[in-house]
Amino acid sequence: MSEGGAGACPQVFVVDSQASYIKMPPERKPRWGSQLQKFLLLLVGLAMLGIIVEGFLIYKLYQRTEASSSNHEHDLKNRTNPKPESLVGGRKMSRDERRPFAHLLGSNKPGTNDIVQWAKEGDAVTQDMTYKEGRLTVEKEGYYYIYSKVIMNAAEECSLSQHKVLKETKAYDKPIELMQSKSIHCSTSKPHLKPPEASEDLWNSYLAGIFQLQVGDEIYVTLKNITKIHGGSTLNFMGAFMVYP
């Protein structure tokens, strides 16, 4: 080839298709982001659960308040408009459920055969028990608390005071003594220094106990030298009330 006018030869590049490429690792998302998301979801769930529980408790409290308010209004209504009948749990008490009782006061009438007489006037009351001529008759079997108090004028120098509570029953021919109080009381006053009506030396006796009584039994009080009993409806009294069943 002549040096004069010929052009330069083109350059040729050869590409090797088998050359290996360097692969870049894929971009990883930070792990702390997913953990935070889970934590937030847990907090939201707990908050929703707390709201549900709180609503349930408020509902229960509201129900109790309504019930208490209703009962209070019912009690106020019963107090302002009381019913004469005895009630148990909002129902009338039957005769079998009522417990007999009696409270008798002193009488101005003198007793006979040392049996103390009582009065049914004033604050005296009887329920399911009968009183007649100093005797209290039992109408329902059970255990009764029996009590009696008497006051005597023992103005003499020395006198015997004997206070008894007795029972008469169909099973025995003679009275049964339930309780007794006996004492000899000597007066310390000097009657010649005072008017006769002012010379008083009072002595009192109280008896009480629990006894089993049958239907038809009669209980009564005796007092030796009954004429010396000190009058007064509130000073002398007798009573009984069932304690079982």
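For Lys140, the conditions (1) in a strand (DSSP E or B); (2) under 16 Å from Ile210 (Cα atoms) are fulfilled apart from (1).
The lone criterion from (1) in contact with a helix residue (DSSP H, G or I) (Cβ under 9 Å, 6 or more places away or on another chain); (2) modelled with pLDDT of 65 or more left unmet by Thr130 is number (1). Among the residues making up region 25-56, a single one is at pLDDT below 85 and either among the acidic types (Asp, Glu) or at positive phi (or both): Glu27. In region 144-184, the qualifying residues are those that are without any contact (Cβ under 8 Å) to a residue 40 or more places away in the chain, touching a Ser or Thr at 6+ places or on another chain (Cβ under 9 Å) and part of a strand (DSSP E or B), and the one that is surrounded by the most Cβ atoms within 10 Å (Cβ to Cβ) is Met179.
Being at pLDDT below 90 and aliphatic (A, V, I, L, M) is true for just one of Ala198, Ala240, Ala208. Which residue is that? Even if it seems obvious, please write down each step before you answer.
On the way: Ala240 fails: at pLDDT below 90; Ala208 fails: at pLDDT below 90.
Going through Ala198, Ala240, Ala208 in turn, just one is at pLDDT below 90 and aliphatic (A, V, I, L, M): Ala198.
Restricted to region 200-240, and to residues there that are of a type in the set (Val, Ile, Thr) and part of a strand (DSSP E or B), the residue that is nearest to the chain's Cα centre (by Cα) is Ile210.
Annotation: Ser233 fulfils all but one of (1) crowded, with 16+ Cβ neighbours inside 10 Å; (2) closer than 21 Å to Glu133 by Cβ; (3) at pLDDT 90 or above; the unmet one is (3).
The values are calculated or read from the model by the stated rules, or taken from the named source; none is laboratory data. Bear in mind that the values here come from a model prediction, so they are computed numbers and not experimental data. Glycine gets a Cβ as well: all are built from the backbone with ideal geometry, and neighbour counts include every protein chain shown.
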